[in-house]
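These notes concern the structure reproduced below.
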Amino acid sequence: MANPEKTFRACVLSVVKHDYLPRAVAAHPRFELLVVADDADQPDWVHERNQRFADEFGIPYVRDVAKAIAEHDLDLAAVSSEAERHCDLAVRAADAGLHVIADKPMSTRLSECDQLVEAVQRNNIKFLLWNRNYLPALIQAKEVVQSGAIGELHAIHVDFYFSKDAGPPKGARQPGDPPINWLERQIEAHADGSDGGVGIEAMGELQIEGIYPLGYIRMLTGADVRRVFARTATHFHQANVDNNVDDLATVSLELDNGIVGSLCIGRIGAASHPDIGEIKIHAIGSRGGIVITEARPEVSIHYRDQPPLEFKNKRIANENDFLLMDDFARALDTGCEPILNARGGRDIAATVFAAVESGETGQPVEVTPLK
Amino acid sequence: MPLNDNDSLAGQSLGQATTTKSTEALFTEQANDFDAVVIDANPSQAASLAKAATALGKPTLVGQLPGDLDVLSQADALLMPAHTWRFLPSIQAVKRSIDAGKLGEPCLLRIHRWLPPESTPESIAEHILPDTDLACWMFGGAPEKVWTLQSAANPDYIQFHLGFANDGMAMIDIAGSLPAADGYFSLSMIGGTGAAYADDHHNMNLLYSGGQPNALRTNQGRADLTGQLQEFVEAISEQREAAVTLADTSRAAAASAQVIESAQTKQVIEGKECN
């Protein structure tokens, strides 16, 4: 076991998206942020965001990833770039001997996920894909399932509806207007935190958020998904229509051990829920079932002149980010695997890609196993 | 309303006016003693009784019809199949929101229905018919594509997709394997501009009597039955078609058959629009 008093030294490789990931690293007492780094050939908006974050934390921003790694005696890298660069940056960090924490989704291509799994194994480093498996309700769900209270798990369903808007609603584009540019829309969305799909390559809701509910299913079942059938559609947002990516999907899942599951996922618009969305887990076992609301515990706050988009029910006691970092520190200390490692993240990505393909073909699709 | 002798106890509790020795006698000798017929018989009897009643020109409310409804297709009087599940106050509230345009175009219907074994119908078709009907009703048509998944580990479980026009989709899971006690029902309708959630989970109270608290589901009573009967009576008095028609039952039965066909063949079933 490594020294449990050791503080792990971290770099941030690009911080263009939500910055919850590098902030969680900085907030945990076992980790220390030393430098932000990115490639010099990145566009100005990327450099601006990286510089802003570095300035806030009083650390340097280096426009050369290899140089930053070489000069700072680092233990790990936190990757929070556009999705299409996640794997490239993570593999480069792994090849430099750094442990890696990466934001979701793992990649926009399954082949890159495979390369990342191989790089993690080859370099014998630890990898954590960011997830929500330490939300209080998920901890409770895991305890119930593992206690045997509902018997052997037979079926699991996750409904995952985010009630955020995503730019103009479907049908908003006037005749003659150009289609919405995905990257420009995502850059604008940074201000309100709805830029989960930031990048050049457009991604549907399955690709952007599917990691979370599929992460729940993987944690609670401990099983791999073997085959999927999906329907995908674009019902809510003009940016999704213009870029031909889903904002609503239903997916049937066939898992190992005869377990079946399903996922309904969508970005259904702010008008459709009083809070961040309706997110629930239904699990059926041989001796009973359990219904879990992901948002709980929460507290309701209502007041005169309350802004219409302010959530009336606020989540409380959410220590997910801290516990993820705890989990990663434990992995580094003991050599155990993090709660969602590279192999798990890759298999979730494979499930998502299979679902997207099924939505396009209208037929069930086998999930591509790791070679 | 007269009832068969065999139902005398039930009839007395309903305040019956008279009795009869047989349905044949009822329909031939006492036809002038009643204005309408409500049939609660097994499916094989229900169709012939409904045919006889409507042949007399009696408005008829009939439950549990068989799969083959051709025998009733030329009914001579108002014939309302009992789709009691549509008349639950929660379901009515959701449907009214759709009809009023508050939710926009229906996009996704999600249903979780869990039942203890003793309340689970024996036939898989009966098992799934209420929810296929709800889906067809809310989307206003029959599914264009059907996919079903069952659990090898749990034969009392079924999950199915129904794909509707305009990228509408329904995803439904039904389990008949809960321990004996209350069931659970959750329905979410996600529309283009709004959503509705009718969910037992939202409607639980708590009982503290030591140990973990017990959840007590608030009860909608039998407002479904009274709502259905009210619609039957209003359709008669207003001399209009009932809100539920034989075509609705046929459509739901056909969709249910496709669900079962998909389960048996493990294939996507499509292109069988039947309404």
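State the Cα centre-to-centre distance between segment A:134-211 and segment A:283-342 in whole Å.
15 Å
Give me, ordered by chain and number, the residues 5 or more places off residue B:144 or on other chains with an amide H under 5 Å from its own placed amide H.
B:163, B:164, B:165
Give the average, rounded to an integer, of partner chain Cβ atoms located within 10 angstrom of each Cβ in A:267-273.
6
Return the loop-located GluC sites (Glu not before Pro) in segment B:192-272 (DSSP other than H, G, I, E, B) with at most 16 other Cβ atoms within 10 Å of their own Cβ; answer none if there are none.
Here the GluC sites (Glu not before Pro) that fit, given the DSSP loop and packing criteria, are B:238, B:241.
Can you work out the Karplus-derived ³J(HN,Hα) for every residue in segment B:88-99? Use 6.51 cos²θ - 1.76 cosθ + 1.60 with θ = phi - 60°, whole Hz, and x for glycine or proline.
In residue order, the calculated couplings are 4, x, 5, 5, 4, 5, 5, 5, 4, 5, 5, 5 Hz.
So what's segment B:3-82 giving for Cα Rg divided by 2.2 N^0.38 Å, two decimals?
Here the answer is 1.05, to two decimals.
Under a crude label model (7 Å from the Cα following the beta-carbon direction), how far is residue B:100 from residue A:66 in nanometres?
For residue B:100 paired with residue A:66, the spin-label model returns 6.6 nm.
Quick check: net charge around residue A:264, other residues with Cβ under 13 Å of its Cβ, Lys/Arg +1 and Asp/Glu -1?
After counting each charged neighbour, the total is -3.
Summed for both chains, how many Å² of accessible area, to the nearest 100, are buried between B and A with a 1.4 Å probe? Before the final figure, lay out each step's value.
On the way: alone 14690 and 15980 Å², together 27230 Å².
Approximately 3400 Å² gets buried when B meets A.
Whole-Hz Karplus ³J(HN,Hα) for segment A:333-341, in order, using 6.51 cos²θ - 1.76 cosθ + 1.60 and θ = phi - 60°, x for Gly and Pro?
Values per residue, Gly and Pro as x: 5, 10, x, 6, 8, x, 4, 9, 8 Hz.
What is the distance, in nm, between label points placed 7 Å from the Cα along the Cα-to-Cβ direction at residue B:220 and at residue B:119?
Each label point is offset 7 Å from its Cα along the Cβ direction, giving 1.2 nm.
Taking trypsin sites (Lys or Arg not before Pro) as candidate sites, keep only those in a DSSP loop with at most 15 other Cβ atoms within 10 Å, then name the longest stretch of chain B containing none of them.
Here the longest run is B:103-221.
Relative to the longest principal axis of chain B, what angle (0 to 90°, nearest 10) does the C-alpha long axis of helix B:246-265 take?
Roughly 50 degrees, rounded to the nearest 10.
For residue A:79, enumerate residues with amide H under 5 Å from its amide H, sequence gap 5+ or separate chain, H modeled in the peptide plane.
A:13, A:101, A:102, A:103
For residue A:227 and residue A:257 in the same chain, what is the full-extension length gain: residue separation times 0.36 nm, less their Cα-Cα distance, in nm?
The span from residue A:227 to residue A:257 would gain 9.5 nm if fully extended.
Would you please give the residues with an amide H less than 5 Å from that of residue A:227, counting only those at least 5 places away or on a separate chain, with H modeled from the backbone geometry?
A:254, A:367
What list of ³J(HN,Hα) couplings, whole Hz, do you get for segment A:142-148 from phi and the Karplus terms 6.51, -1.76, 1.60, once you set θ to phi - 60° and write x for glycine and proline?
Result, rounded to whole Hz: 5, 4, 5, 5, 5, 6, x.
Divide, for the protein assembly as shown, the radius of gyration over alpha carbons by 2.2 N^0.38 Å, where N is the residue count.
That ratio works out to 1.11.
Roughly how much of residue A:339 is accessible, in Å² to the nearest 10, using a 1.4 Å probe?
Using a 1.4 Å probe on the heavy atoms, I get roughly 40 Å².
Using the alpha-carbon atoms, what tilt in degrees (0 to 90, nearest 10) does helix B:43-55 show relative to the longest principal axis of chain B?
50 degrees
Evaluate the distance, in nm, between pseudo-label points positioned 7 Å from the Cα of residue A:201 and of residue B:33 along their respective Cα→Cβ axes.
In this crude label model, residue A:201 to residue B:33 measures out at 7.7 nm.
Give me the aspartates and glutamates in straight-line cross-link reach of residue B:51: C-alpha distance below 19 Å, same-chain residues under 8 apart excluded.
Result set, ordered by chain and number: B:24, B:29, B:33, B:35, B:40, B:68, B:70, B:76, B:241, B:248.
The values are calculated or read from the model by the stated rules, or taken from the named source; none is laboratory data. Every value quoted in this text rests on a predicted model; they were computed, and no experiment measured them. As a convention, Cβ positions derive from the backbone with ideal geometry for all residues, glycine included, and neighbour counts pool all protein chains shown. Ligands, DNA and RNA are excluded from the accessible area calculation, which covers all protein heavy atoms including side chains. Shrake-Rupley method; radii C 1.70, N 1.55, O 1.52, S 1.80 Å.
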